[in-house]
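Quick notes on the structure that follows.
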Amino acid sequence: MDASPLPPGAGRLWLPYTQMQTASPPLRAAWTEGCRIGLADGRVLIDGIASWWTACHGYNHPHIRDAVTRQLGRMPHVMLGGLVHEPALTLAERLAALLPGDLDRVFFADSGSVAVEVAIKMALQYWLNRGVRGRTKLLAFRGGYHGDTLATMAVCDPEEGMHALFAGALPQHHIADLPHDDAGEAVLDRLLAVEGDGVAAILAEPLVQGAGGMLFHAPDVLRRLRRLADRHGLLLILDEIFTGFGRTGTMFACEAAGIVPDIVTVSKALTGGTMALSAAVARTHVFEAFLSDDPAHALMHGPTYMGNPLACAAANASLDLFRAEDRLGQVAAIADQLRAELEPCRSLPGVVDVRVLGAIGVVQMAEIADMNRLRAALVAEGVWIRPFRTILYLTPAFTITPAGLATLTSAIRTVLAAAR
Ligand SMILES: *Cc1c(COP(=O)(O)O)cnc(C)c1O
């Protein structure tokens, strides 16, 4: 049945982030339920990463499934150009109410990368609409990840990122170290004193740089970024695509710092892992910079499937669950259990760090020599965990049971102890 032997089992698929010549055969998923992934060969894996951090209520949650099914019967899709609909109106209202401050204008898109592109475009045009020219650059950070499209590649970590190859083809931005202390803030102050007139916005992931290696920073770093933006008259964009919806312990990571960014991007867990949907949400003053008698001051962007009613219905149902069930309490309990059960990894060979924030547990290795073998060993333990670079990490569904989580942490300990 396979059209291609490279690797067996992939058929005609071109898989993401994959050297197709040397990759291990992909596993064939047949069904999902809660925190389990059923394979076509009958094996069942406990899921440790919630499908790239999306399935925060576990898979196939009946409340989300019912909402999507009802919406499917009524109206699977309609264009948002000139038409609006209840699922999108309701979701925008709810996001505005949940987000801090006056973050209350919601622009929908269909993927995280596109939401970041929209946020960048908003920031660039914000200045143009106000008659300020020449603010074409962003200040972004080492370790950062904001997507795989061309504009977002340019604001990822230039070396660690998966995009160094394209350096010559990308716009040049300022990529600096996050300001962890006064000295770091002073460095950025000096940079912006010289270059600030060419900068439109500061862009960062709050509290956790996810795909860059699950690197954590203190809430104070975000307060420093807010201060720097204010001092130099810049917009602050926070990319909450990974952190949004409870992952770090608060509904949005920026809440932990008590700051309000000018634009925020959300996606990943927005629909509870059901459908593709993202949003760039702007504060009032950003939105107002686009109001004018001049049609050219409008935001000229409009993904075909933006605000898809099925996806909005899924997102509304996901937000129902955050209200009806104590998700943030579950995140706190997961954090405690991750700390207790991953801490013993510190003494295992090759482990250089163990860290936990909210429902994110990370075991950092000095190196992972044979990634294929490590991944296979984890599957053999009955768990779905995808180590990358030098880390093994867990980002389970918030609904995982203590026993399910214990299976995940024990698999990591077993596999690392056997790897000596
Ligand atoms: C995953 C991610 C993106 C990109 O989202 P896609 O839906 O894959 O395009 C952007 N920013 C952050 C912080 C992410 O974690």
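Surface exposure of region 75-324, expressed per residue as accessible area with a 1.4 Å probe, stands at 39 Å². Highest mean first, the peptides 385-392, 292-299, 43-50, 326-333 sorted by other C-beta atoms within 10 Å per residue fall in the order 43-50, 385-392, 326-333, 292-299. Of the three principal axes defined by the Cα atoms of region 75-324, the extents in descending order read 52, 43, 37 Å. Distant-in-sequence amide contacts of LEU236, defined by a placed amide H-H separation under 5 Å and a gap of 5 or more residues or a different chain, comprise ILE202, ASP262, ILE263.
Fully extending the segment from ALA30 to ASN372 would add 120.9 nm, taking 0.36 nm per residue of separation and subtracting the current Cα-Cα distance.
Counting only DSSP H runs of at least 4 residues, each contributing -39500 (n - 2.57), and dividing by the residue count of the chain, the helix-based mean residue ellipticity at 222 nm comes to -10500 deg cm²/dmol.
Backbone amide hydrogens, once placed in the peptide plane, bring PHE141 within less than 5 Å of ALA176, excluding anything fewer than 5 places away on its chain.
Sorting check: for 164-173, 208-217, 237-246, which peptide has the highest mean count of neighbouring beta carbons within 10 Å, and how do the rest follow?
On the way: 164-173: 12.2, 208-217: 21.1, 237-246: 28.1.
Put in order of decreasing packing, that is 237-246, 208-217, 164-173.
Here the Karplus curve 6.51 cos²θ - 1.76 cosθ + 1.60, taken at θ = phi - 60°, turns the phi angles of region 253-263 into couplings of 4, 4, 4, 5, 9, x, 10, 10, x, 7, 9 Hz, with x standing for Gly and Pro. Given points 7 Å out from each Cα along the Cα-Cβ axis, report the ALA403 to HIS301 separation in nanometres with one decimal. Output for this residue pair reads 4.6 nm.
For the chain, the carbon plus sulfur part of the accessible surface works out to 57%, probe radius 1.4 Å.
The values are calculated or read from the model by the stated rules, or taken from the named source; none is laboratory data. In this text, all values refer to a predicted model and were calculated from it rather than measured experimentally. Using ideal geometry, Cβ is built from the backbone for each residue, glycine included, and neighbour counts are taken over all protein chains shown. Just the protein is used for accessible areas: all its heavy atoms, side chains included, with ligands, DNA and RNA removed. Shrake-Rupley method; radii C 1.70, N 1.55, O 1.52, S 1.80 Å.
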